[in-house]
Amino acid sequence: MRAAVLEQFGRPLVVQEIELADPGPGEVLVRLVACGICHTDAYTASGVDPSGYAPCVLGHEGAGVVERIGADVTMVAEGDHVVTLFSPQCGECVHCASPDTNLCLAIREQQNLGHLPDGTTRLSRQGEPLRHFMGTSTFAEYTVMPQIALAKIDPQAPLDAACLFACGLSTGLGAALRTAKVRAGSTAVVFGAGMVGLGAVAGCRLAGAERIVCVDLSPQRLELARGQGATDTMTGGEGVVEKILEMTGGFGADYTFEATGNVKVMRQAVEAARMGWGLCTIAGVAGRGETLEVVPRYLITGRRVCGSSFGGLKGRDDVPALVDRFMAGEIDVAPFISHRITLDQVNRGFELMEAHDGIRSVIEF
Ligand SMILES: [Zn+2]
Ligand SMILES: [Zn+2]
């Protein structure tokens, strides 16, 4: 099959023919139909990611069709439409059993090493193993993944839109709906209007927030935020916290969301949360070794800070439900698909992302 291989950090991906072995027990062969290009792919490709490895096949925002199942697979069947999950849901580990976290423990260690759960790879080239990325490796015509990492969705859902639910969009929606559990009638501020921030704006709207302020540096992105339900927009930078306090009677917002990964913005998000009960949810990923500065008085006076990975969503349960809400017309996905490209144009997708041109480039296979 054809796949985009990260050969060397800091170099363009190389699209080439590689081999994919049959799915083993508990594994599934998926034919990819669409795949978004996300910052995490670029972060690893750049070499900055301390846990990155090469060579490997990148990509983690995939959607496709189950082509074949291995032995003992019960969760999906041939022909099912699926979204790939870098954050799996085994349903059995102590974290899956808890309503308080989505961080499934079942395959973490092998996944972090670029292996499938049995410690080997299905990807290879001239007999040499190639590693899987995030357990997904969706910059390829096909992938083999564990069944616990596939969300079975409505077969009517267009897969070019569904793939965005594999990462950024679900992360933002979940941060509002699942992690923060935004209440109807509340005030929310979302810092950052990329895929995650726009998802958080949409999540706040679905939760019935009365006032949703979105903060970003780009007027185009703030316009998109209005389309997702932001009632107010604001240009980021110095003085944002003061402006938010002014807008909220001097108290701050019931909920704030950080979706830029910038630790200075994270601090603003903490300080813009309301005294007494304001909840700041951190969804952006900070750079290696960076720390968040918080004046403890902000916490003593009732603000809380929490983090959200993949929006706190349990993927196999929650992603199909979000896709259903999209199909019901509650989530407007079309404005997020800025560019449609082929697998051979994958490096162009990275360039567009670096130039902040649009929200998502989607590879169509
Ligand atoms: Zn991602
Ligand atoms: Zn689990």
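The values are calculated or read from the model by the stated rules, or taken from the named source; none is laboratory data. Owing to the predicted nature of the structure, the values given are computational and were not obtained by experimental measurement. No Cβ is skipped: glycine too gets one built from the backbone with ideal geometry, and neighbour counts run over all protein chains shown.
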Per the filter on segment 36-94, residues within 16 Å of ligand 1 (Cβ to nearest atom) and of a type in the set (A, V, I, L, M) are I37, A42, A45, V48, V57, L58, A63, V83, L85
* To do: State whether one or more residues within segment 45-61 are of a type in the set (V, I, T) and either surrounded by 15 or more Cβ atoms within 10 Å (Cβ to Cβ) or away from ligand 2 (no atom under 16 Å from the Cβ) (or both).
  => yes
Selection from segment 92-118 of residues surrounded by fewer than 19 Cβ atoms within 10 Å (Cβ to Cβ) and either within 13 Å of G135 (Cβ to Cβ) or touching a Cys at 6+ places or on another chain (Cβ under 8 Å) (or both) yields C93, H95, L105, R108, E109, Q110, N112, L113, H115, D118
Residue pairs qualifying under the 9 Å Cβ cut-off, at least six apart or on distinct chains, with the first in segment 12-37 being touching a residue at least 12 places away in the same chain (Cβ under 8 Å) and at positive phi and the second being charged (D, E, K, R) and not in a strand (DSSP E or B), are G26/D72; G26/D118
A careful count of residues in segment 345-365 that are more than 14 Å from H60 (Cα to Cα) and among the β-branched types (V, I, T) gives 1
Using the structure shown, decide if Q8 is within 16 Å of ligand 1 (Cβ to nearest atom) and not basic (K, R). no
With criteria (1) polar (S, T, N, Q); (2) within 16 Å of ligand 1 (Cβ to nearest atom); (3) in a loop (DSSP other than H, G, I, E, B), T143 comes up short on (3)
Consider A193 carefully, then state whether it is surrounded by 24 or more Cβ atoms within 10 Å (Cβ to Cβ) and under 21 Å from the mean Cα position of the chain (by Cα). yes
When every residue in segment 76-93 that is assigned to a loop (DSSP other than H, G, I, E, B) and touching a Gly at 6+ places or on another chain (Cβ under 8 Å) is compared, the one farthest from ligand 2 (Cβ to nearest atom) is F86
All-but-one check, P335 against (1) closer than 17 Å to C214 by Cα; (2) surrounded by 15 or more Cβ atoms within 10 Å (Cβ to Cβ); (3) touching a residue at least 60 places away in the same chain (Cβ under 8 Å), failing number (2)
Check your understanding: If we scan segment 21-35, do we find a residue that is away from ligand 2 (no atom under 16 Å from the Cβ), within 25 Å of G194 (Cβ to Cβ) and either under 17 Å from the mean Cα position of the chain (by Cα) or modelled with pLDDT under 95 (or both)?
Key -> yes
Checked V73, V48 against criteria (in a loop (DSSP other than H, G, I, E, B), of a type in the set (A, V, I, L, M) and within 27 Å of D357 (Cα to Cα)); the one match is V48
Only one of C96, C104 is more than 24 Å from R31 (Cβ to Cβ), in a loop (DSSP other than H, G, I, E, B) and in the same structural domain as T342 (by TED's automatic domain parsing), namely C104
